């Protein structure tokens, strides 16, 4: 059972740390400790320069918010077990997993001391956000984003009843069958949610409010239901 003190969760389609997402991130950290914990592990496969880019963007957003940025440097599972790294989670107001490679992120954090600390901080009231890859890994299973039929990896399992397609509007233009691809191997009890770019669903684990410039979608094999900004959608626990 999830603690009544648990903070909100934000599953973001894209746009972490950008000025366009300021209001969403401000609402997440409002009335919480002014420590904005940022984890760019998903970008590690793209190289140090890309990781550093996310660090710079995160610091800039924290400065706009008037809070303290806390960069958690995790490139390997060994880093995620390091007590000094884990200690950086102490007193978090908002913890954010930014985008990149979801399979790498899941493999690096799953069943580590760092992930346990993230869960503990969230259950104690910190807000928890994941953008793109960071949103995908909250599920029990993370498909490979372009070829879901070819496999994937176990997710972090925080939201085992949800599977997320980030960048949904962008993916739909390039891959009209993207929803069908992500339905492959899905348990019927798992809700497939598409989240458009610069859009987030906030709340959880069952009831979510859509924020941002576009929409979120509940997806099934034969139809999709749109939830524009301000709407509430439900992902039932089973």
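Please treat every number below as a calculation from the coordinates, not as lab data. Because the structure is predicted, anything quoted here is derived from the model rather than measured. So basically every Cβ, Gly included, is an ideal-geometry build from the backbone, and we count neighbours across all protein chains shown.
GNM remark for the chain: springs join alpha carbons under 10 Å apart, and the peak mean-square fluctuation among 66, 155, 58 falls on 66.
Cα gyration tensor of the range 99-238, axes a ≥ b ≥ c as square roots of the eigenvalues: rounded (a/c below 1.5), prolate (a/b > b/c) or oblate? Oblate. The C-alpha atoms of the chain define a longest principal axis, and helix 48-65 lies at about 80 degrees to it. Which FRET efficiency value, to the nearest 0.05, is calculated for residue 124 and residue 57 with the Förster distance at 22 angstrom and r the Cβ-Cβ distance? Working from the Cβ atoms, E equals 0.25. Helices in the chain, meaning DSSP H runs of at least 4 residues, each add -39500 (n - 2.57). Divided by all residues, the mean residue ellipticity at 222 nm is -8000 deg cm²/dmol.
Label-to-label distance for residue 170 and residue 27 is 2.2 nm, based on points extended 7 Å past Cα in the beta-carbon direction. Look at the Cα gyration tensor of the range 20-125: its axes a ≥ b ≥ c give a/c of at least 1.5 with a/b at or below b/c, and that counts as oblate. A Gaussian network model of the chain, with springs between Cα atoms under 10 Å, assigns the largest mean-square fluctuation among 196, 169, 31 to 31.
Classified by the C-alpha gyration tensor, the range 162-238 has an oblate form. Its axis ratio a/c, with a ≥ b ≥ c, is 1.5 or above, and a/b does not exceed b/c. For the chain, the longest principal axis of the alpha carbon atoms and the long axis of helix 113-123 meet at an angle near 80°. By DSSP, the beta bridges lying fully in the range 9-234 are antiparallel in about 55 percent of cases.
Of the residues 60, 135, 40, the one that moves most in a GNM of the chain with alpha-carbon contacts below 10 Å is 60.
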